[in-house]
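Q: One structure, pasted below without further comment.
The values are calculated or read from the model by the stated rules, or taken from the named source; none is laboratory data. Fair warning: this is a prediction, and the values are worked out from it, not measured in the lab. Cβ atoms come from the backbone with ideal geometry, glycine included; neighbour counts cover every protein chain shown. Please note that ligands, DNA and RNA were not included when accessible areas were found on the heavy atoms of the full protein model with its side chains. Shrake-Rupley method; radii C 1.70, N 1.55, O 1.52, S 1.80 Å.
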Amino acid sequence: MTAHSKWHLPEDRYFDPDPAQRRIAMELYKSVADLPIISPHGHVDPRLLADEHASFGTPADLLIIPDHYVFRMLYSQGVRLEELGIPRTDGVPVEKEHRKIWQVFADHYTLFRGTPTGAWLAHGLRDVFGIEEKVTGQTAQRIYDEIEAKLKSPEFRPRALFKRFNIEVLCTTDAATDRLTHHQAILHSRWDGTVRPTFRPDAVTHLLHPAWPENIEKLSEVSGIVVDGYPKFIKALEERRAFFKSMGARATDHAVESAYTEALIPAEAESIFQRGLQRKANAEDAHRFTAHMVMENARMSIEDGLVMQLHVGALRDHNDLIYRCFGTDKGADIPVASEFTRNLRPLLNRYGMDSRLTLILFTLDESTYARELAPLAGHYPAVKLGPPWWFHDSINGMNRYFDRVMETAGIYNTAGFNDDTRAFLSIPARHDLWRRTAANWVAGLVVRGVLDTEDAREMILDLGYRLARKVYNLG
Amino acid sequence: MTAHSKWHLPEDRYFDPDPAQRRIAMELYKSVADLPIISPHGHVDPRLLADEHASFGTPADLLIIPDHYVFRMLYSQGVRLEELGIPRTDGVPVEKEHRKIWQVFADHYTLFRGTPTGAWLAHGLRDVFGIEEKVTGQTAQRIYDEIEAKLKSPEFRPRALFKRFNIEVLCTTDAATDRLTHHQAILHSRWDGTVRPTFRPDAVTHLLHPAWPENIEKLSEVSGIVVDGYPKFIKALEERRAFFKSMGARATDHAVESAYTEALIPAEAESIFQRGLQRKANAEDAHRFTAHMVMENARMSIEDGLVMQLHVGALRDHNDLIYRCFGTDKGADIPVASEFTRNLRPLLNRYGMDSRLTLILFTLDESTYARELAPLAGHYPAVKLGPPWWFHDSINGMNRYFDRVMETAGIYNTAGFNDDTRAFLSIPARHDLWRRTAANWVAGLVVRGVLDTEDAREMILDLGYRLARKVYNLG
Amino acid sequence: MTAHSKWHLPEDRYFDPDPAQRRIAMELYKSVADLPIISPHGHVDPRLLADEHASFGTPADLLIIPDHYVFRMLYSQGVRLEELGIPRTDGVPVEKEHRKIWQVFADHYTLFRGTPTGAWLAHGLRDVFGIEEKVTGQTAQRIYDEIEAKLKSPEFRPRALFKRFNIEVLCTTDAATDRLTHHQAILHSRWDGTVRPTFRPDAVTHLLHPAWPENIEKLSEVSGIVVDGYPKFIKALEERRAFFKSMGARATDHAVESAYTEALIPAEAESIFQRGLQRKANAEDAHRFTAHMVMENARMSIEDGLVMQLHVGALRDHNDLIYRCFGTDKGADIPVASEFTRNLRPLLNRYGMDSRLTLILFTLDESTYARELAPLAGHYPAVKLGPPWWFHDSINGMNRYFDRVMETAGIYNTAGFNDDTRAFLSIPARHDLWRRTAANWVAGLVVRGVLDTEDAREMILDLGYRLARKVYNLG
């Protein structure tokens, strides 16, 4: 039997090579490495934690099928999504043999060289599953066996891993119309893990969402308010926010292609809403209504204290064919250039000076970091910057973020780290990567004489743990 | 009494940690560290230097109240500007007790961790005032006492510090309608400091400036030309430029939100100007008139030899409430994306080949460095690039500038350093930071085998002293 | 006689100074340093290689007159193009004395400090011509003598240098209407160098190209198809592509100011084409027709297998005066901001999933690397990213490219290196610079624990040799 290569995960990984910087980075990293994980924004399915017997399924169920970071890379190199077992929405059958899916994945594993996905996978496989060997076409089946066996044991159930990962709090992302039954089950169980819902009303505020009329019906149903017009719509949303808050929510989340904000007068809001109900709304209507609803949600946040997250700049479902056959979140969302200075001005002029509001901004357009976002966060009391998001949740993405944001905004106008993941196994790997990269950044400032070690020690605690807890009101 | 932490300002600060690079950086830095300061663009109040007995006032007058870099950061974290003694334009009273203002500032001092403002403050407090301890809530009052006492001594008057800072020349920024009485006082005094005015006509070229009609009246008054139409307007501007030149001016300065340029035919210019006088000009009028006046000023620069500075991309007074209560320059100017390639084409096609013109471009949109500005400066004889500006006047901002600009433009199409500050105390700190960062950049090229030491030694002299002197015609 | 300074080209140049990284970078670099050069895209004149006796002419003919990278820098500092012997299209005489041209160049040589042009020139002069001394005003004439003498010897003829440079394959760029007589001559000679044409139809697809009507006539002529309308136009292009393919072409090339794509219906394409023939097409027509022809060429590539290159974002001939007097490619092309996500959507939705298509994207707007291009390449099977282009073909440009592209796209969605040059002498220098910079980047990942050496060794072979060969189908 041939010797296979092992994972390369050195103790001091992601630190700059300079020995002085590395020593300080390691010391700073160690001060936060074992702190609990604060996960204020993500997409873990609460169902996994609602039932103490829930299982992650097969290795492919855990690591490939739900993770568009993984399968988009294989797709980009000619692997069909059907081969990877990604379910089609039109019922056309896809690969069911998970060992085969795993083999295809393993055969293409070198595609992940130098990528964050590669780093997360290696970390998870080694540290969580104890897999020492690299995934290759040759080792694929043996590794599958090992993971499969472990996933069947109680120690690898979601709740067990939640504890093992030392997660202090995990926030999920949930539709405004969600009854939060899984969250209720968690609350009513004897399990003491903290899982909080997050109110995400996009499906009822985006008028051209394909399912908008049904979503409005659902909203009427769950709120008990017949949403036949704009005032009732607002009332129903307020009711839902109150419900989410009563279920432990600390934040809302809003995903928009553009950061445009505009306050409609009530009559205008009503007439657009009515056009929506009659399925006569056009793109301009939808654009303005979304802009208005961002403002309305800011107002509601001032009233109910929920932290407001705004994720800007993804053009969703760029690939029509993939969207038609497989639906959303299939690795085909592509960023567009964004504008914040002019677009957020109406909102910030109305609410940005109000310190009851916390508005956390996320961008996919890094050219806005130093140009727009850091100056906005460095002025308006309400604004904080979210961590590097999605394609930028990576070593280089974080380094660019530190480089471009911190001098102008200062770290105290930022919001710590989010993992933003639906891949549960990647949570500790992502937080660890952030903590390492943040420690290395702070260490870089120390060796450059920008910071003394006293400040550095405080800052790594803030970046690695305290800021997320404080800004999201999770303390 | 507890021991308090000291400022951390190591000798070799801001240099990369690699020992070889650091050694070379230090050697290069030392070759320029003590050269006189050339300050070709800034906002120091000439009144401070016009009277040999002028004083900076209290520590808060010196370091907080005039410095929007400082108070915007506190404001962003919920401190009200009133608490910081920032005067309201509407007469509502603000904090008058400067010790209290200082305490609030000190209580929030950790906000400046890792920021350029923090670096400048530390440098100024230690090197100019001899304060060894860090500013904290606890040390605040003792440090206030020390600074206050020193500010009362003759050694800390503006003219004394001007000499101590080894300023070879300081250029102020002055309205086109300014009679330059302070500059006259300086010229007619026996003091030998060189202070030059800079001609900034924005308040008479921006038609929608709230005070435009009064500014035009003032222009008539000071120029002795009744500005009743466009031709007289041009004549009056030419008269003012000649006056500024006679008072020592070497440059003009123009701040525009967009770099758009367009040559209006005289009839069009006249009819827009008349609409302005009748207060009927609209945004499009103002936009085109500004674009035209940028071109006109380029023409005048070719004729009178004044260097032309164009500062592009700040959306001024983003926060309406702050603007209404406190006026301009209150830390609420936010950058917008900029475009130079198409916008400057009319101007450059007409005047860009003329080596009598020096047009220095400044941007707040770093995405234009490598994409537009370096290629333009690397082609047109008239174009030079100004140093990293405002939010980018920082270690990282400078590193990004060197990284993105120099390969395409070469250093000889750049204009050395500007401090651009109204915070007099920060002048030596800012120049020192530039000299260190430039030395580190050049040293980085040496250790990477891009430059030999012979070239490196010339380049640091150019970057740290000679370029600003030459490009601004201050030699 | 005074000692003159020597070129500074240390063995380990362009590597980071950290000793550990440098050691690994050197090892990786050595594994590719002597591999043959794959040059899949460039602008070398095939005439030079068609005749075994062809000569490069004088030193100025070789290094200055054809190289807009060189003369734009001198022009930017006030040297007139006439002084440099750049031929005027209007027949006005220019400097003919090549020694004088060389002297002007040498007198300004310090302008190239820290620039890629400086690095390429030094490499070429030392390694190819054995010139040890730096070019200065003083050494100019002696160096001219040396180069001139060598250029007259058979060892310095183009074919000899082609072999000495170890070029495995060189692809030229050729108009759709080119009869490829030089390529024919090469094919029919006994010389075994591989020189392939590349099909570039821009001059017949850009309706407002000044020579468009004549180009269409030429197209009729060379294709033998009377191009009197859109269907014949398409047929003629298909014929030309087939001809190019028969002559060894592996790729097409398309330069567009904007990446906009749109599928016109045939009737619309025809009516726009007819307006073009009648010289009545407007800017909108041209814009849409170009967008349509990009799509059509993608379709043809799927059919004939030619790799498709799309170079986006140069505003050509920004300086009207230079264009009128000297024509195109005179160092006055300036980049503009680009958009790919929305603009390429029509093309990618139609052809992006087809793995018969290879679409290589090039940008001059680095803000699109991480935001748009890496996500697109990391999803669509057809998309690959070309290397850093033009102003970004430099150490920093490459570092920014690796930094922003690779985490999201992975290296296997990129296309290795192109030199894209008309300066034959710079070819080995450019490839060497890429190999060094790539080795340094990979080494940086190794010392940061991101890669193990096993992966690193494969990746440098891919980046330095295999990817270009594979993606361009040159293996």
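Q: Have a look at A:226, A:222 and point out the one that is in a helix (DSSP H, G or I) and either in contact with a Ser or Thr (Cβ under 7 Å, 6 or more places away or on another chain) or open to solvent by less than 50 Å² (accessible area, probe 1.4 Å) (or both).
A: The unique qualifying residue is A:222.
Q: Further question on the same structure: On the basis of being touching a residue at least 60 places away in the same chain (Cβ under 8 Å), open to solvent by 10 Å² or more (accessible area, probe 1.4 Å) and not hydroxyl-bearing (Ser, Thr, Tyr), does residue B:420 make the cut?
A: Answer is yes for this residue.
Q: Looking only at region B:304-327, how many residues end up being free of Cβ contacts under 8 Å to residues at least 24 places away in the same chain and more than 8 Å from chain A (Cβ to nearest Cβ)?
A: Selection size over region B:304-327: 2.
Q: Going by what's in this entry, would residue A:20 be described as away from every other protein chain (no Cβ under 14 Å) and open to solvent by less than 40 Å² (accessible area, probe 1.4 Å)?
A: no
Q: Do you know which of the residues in region A:253-290 that are polar (S, T, N, Q) and assigned to a helix (DSSP H, G or I) is farthest from residue A:343 (Cα to Cα)?
A: Once the filter is applied, the top-ranked residue is A:274.
Q: May I ask you to say which residue of C:147, C:143 is closer than 27 Å to residue C:192 by Cα and either touching a helix residue (DSSP H, G or I) at 6+ places or on another chain (Cβ under 6 Å) or open to solvent by less than 10 Å² (accessible area, probe 1.4 Å) (or both)?
A: Numbers: C:143 fails: closer than 27 Å to residue C:192 by Cα.
None of the others qualify; the one that does is C:147.
Q: Still on this structure, please answer the following. Since residue A:5 meets every condition but one in (1) surrounded by fewer than 19 Cβ atoms within 10 Å (Cβ to Cβ); (2) touching an Asp or Glu at 6+ places or on another chain (Cβ under 9 Å); (3) under 27 Å from residue A:416 (Cβ atoms), which condition does it not meet?
A: Here residue A:5 meets the rest and fails (3).
Q: On to the next question. Which of (1) buried (at least 17 other Cβ atoms within 10 Å of the Cβ); (2) touching a Lys or Arg at 6+ places or on another chain (Cβ under 8 Å); (3) not basic (Lys, Arg) is the odd one out, the single condition residue A:290 does not satisfy?
A: Here residue A:290 meets the rest and fails (2).
Q: In addition: Within region A:351-363, identify whether any single residue is farther than 27 Å from residue C:341 by Cα, open to solvent by 10 Å² or more (accessible area, probe 1.4 Å) and in contact with a Leu (Cβ under 7 Å, 6 or more places away or on another chain), and answer yes or no. Steps first, please.
A: Of the residues in region A:351-363, the ones farther than 27 Å from residue C:341 by Cα are A:351-359.
Add one more test, that the residue is open to solvent by 10 Å² or more (accessible area, probe 1.4 Å), and what stays is A:351, A:353-356, A:358.
Checking the rest, the ones that are also in contact with a Leu (Cβ under 7 Å, 6 or more places away or on another chain) come to A:351, A:353.
There is at least one residue in region A:351-363 that is farther than 27 Å from residue C:341 by Cα, open to solvent by 10 Å² or more (accessible area, probe 1.4 Å) and in contact with a Leu (Cβ under 7 Å, 6 or more places away or on another chain).
Q: Inspect all residues belonging to region B:294-305 and state whether any of them is of a type outside the set (Val, Ile, Thr), more than 22 Å from residue B:235 (Cβ to Cβ), assigned to a loop (DSSP other than H, G, I, E, B) and modelled with pLDDT of 95 or more. Before you say what the answer is, go through the steps one by one.
A: Filtering region B:294-305 for residues of a type outside the set (Val, Ile, Thr) gives B:295-301, B:303-305.
Next cut, more than 22 Å from residue B:235 (Cβ to Cβ) only: none.
Scanning region B:294-305 turns up no residue that is of a type outside the set (Val, Ile, Thr), more than 22 Å from residue B:235 (Cβ to Cβ), assigned to a loop (DSSP other than H, G, I, E, B) and modelled with pLDDT of 95 or more.
Q: Part of a loop (DSSP other than H, G, I, E, B), of a type outside the set (A, V, I, L, M, F, W, C) and surrounded by fewer than 16 Cβ atoms within 10 Å (Cβ to Cβ) - does that describe any residue in region B:230-252?
A: no
Q: Next question. Kindly list the number of the only condition in (1) open to solvent by 60 Å² or more (accessible area, probe 1.4 Å); (2) more than 18 Å from residue C:299 (Cβ to Cβ) that fails for residue C:260.
A: Status for residue C:260: all satisfied but (2).
Q: Can you say whether residue A:26 is buried (at least 16 other Cβ atoms within 10 Å of the Cβ), under 24 Å from the mean Cα position of the chain (by Cα) and within 13 Å of chain C (Cβ to nearest Cβ), as far as the supplied structure shows?
A: no
Q: Could I ask something else about it? Do we have any residue at all in region A:6-29 that's touching a residue at least 60 places away in the same chain (Cβ under 8 Å) and touching a Cys at 6+ places or on another chain (Cβ under 8 Å)?
A: The answer is no; no qualifying residue exists.
Q: While we're on this one: Answer yes or no as to whether residue C:345 is touching a residue at least 40 places away in the same chain (Cβ under 8 Å) and over 26 Å from residue C:210 (Cα atoms).
A: Yes, satisfied.
Q: Follow-up question, since we're still on this one. Go through region B:406-416 and give me each residue that's open to solvent by 10 Å² or more (accessible area, probe 1.4 Å) and in contact (Cβ under 8 Å) with a residue 40 or more places away in the chain.
A: B:412
Q: Tell me which residues, restricted to region C:318-336, are farther than 18 Å from residue C:205 by Cα, open to solvent by 30 Å² or more (accessible area, probe 1.4 Å) and part of a loop (DSSP other than H, G, I, E, B).
A: C:329, C:330
Yes/no per residue for (1) within 23 Å of residue C:61 (Cβ to Cβ); (2) of a type in the set (Lys, Arg); (3) touching a Ser or Thr at 6+ places or on another chain (Cβ under 6 Å):
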position: C:144; (1), (2), (3): yes, no, no
position: C:155; (1), (2), (3): yes, no, no
position: C:159; (1), (2), (3): yes, yes, no
position: C:169; (1), (2), (3): no, no, yes
position: C:185; (1), (2), (3): yes, no, no
position: C:190; (1), (2), (3): no, yes, no
position: C:199; (1), (2), (3): no, no, yes
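Q: Give the residues of region B:337-348 that are surrounded by fewer than 24 Cβ atoms within 10 Å (Cβ to Cβ) and more than 14 Å from chain A (Cβ to nearest Cβ), sorted by residue number.
A: B:341, B:342, B:343, B:345, B:346 - these are the residues of region B:337-348 that are surrounded by fewer than 24 Cβ atoms within 10 Å (Cβ to Cβ) and more than 14 Å from chain A (Cβ to nearest Cβ).
Q: I would also like to ask the following. Looking at residue C:41, is it away from chain B (no Cβ under 14 Å), surrounded by 19 or more Cβ atoms within 10 Å (Cβ to Cβ) and not hydrophobic (A, V, I, L, M, F, W, C)?
A: Against the criterion (away from chain B (no Cβ under 14 Å), surrounded by 19 or more Cβ atoms within 10 Å (Cβ to Cβ) and not hydrophobic (A, V, I, L, M, F, W, C)), residue C:41 qualifies.
Q: I need a count of the residues in region B:26-83 that are within 30 Å of residue B:445 (Cβ to Cβ) and not β-branched (Val, Ile, Thr).
A: So the count comes out to 14.
Q: In addition: Of the residues that sit in region B:226-252 and are touching a helix residue (DSSP H, G or I) at 6+ places or on another chain (Cβ under 7 Å) and without any contact (Cβ under 8 Å) to a residue 12 or more places away in the chain, which one is farthest from residue B:356 (Cα to Cα)?
A: B:226
Q: So, one more: Any idea how many residues of region C:383-405 are in contact (Cβ under 8 Å) with a residue 40 or more places away in the chain and over 18 Å from residue C:118 (Cβ atoms)?
A: Count: 4.
Q: Can you name the residue in region B:111-154 that is under 19 Å from residue A:407 (Cα atoms) and free of Cβ contacts under 8 Å to residues at least 24 places away in the same chain and is also farthest from the chain's Cα centre (by Cα) among such residues?
A: Taking the candidates together, the pick is B:113.
Q: Still on this model: Restricting to helices (runs of 4 or more DSSP H) lying wholly in region C:363-475: which have 2 or more residues that are within 11 Å of chain A (Cβ to nearest Cβ), of a type outside the set (Phe, Trp, Tyr) and more than 16 Å from the chain's Cα centre (by Cα)?
A: C:374-377, C:395-409, C:426-447, C:453-461
Q: Just for region B:276-293: of the residues that are of a type outside the set (Gly, Ala, Ser) and free of Cβ contacts under 8 Å to residues at least 60 places away in the same chain, which one is nearest to residue B:315 (Cα to Cα)?
A: So, considering only residues that are of a type outside the set (Gly, Ala, Ser) and free of Cβ contacts under 8 Å to residues at least 60 places away in the same chain, the one nearest to residue B:315 (Cα to Cα) is B:287.
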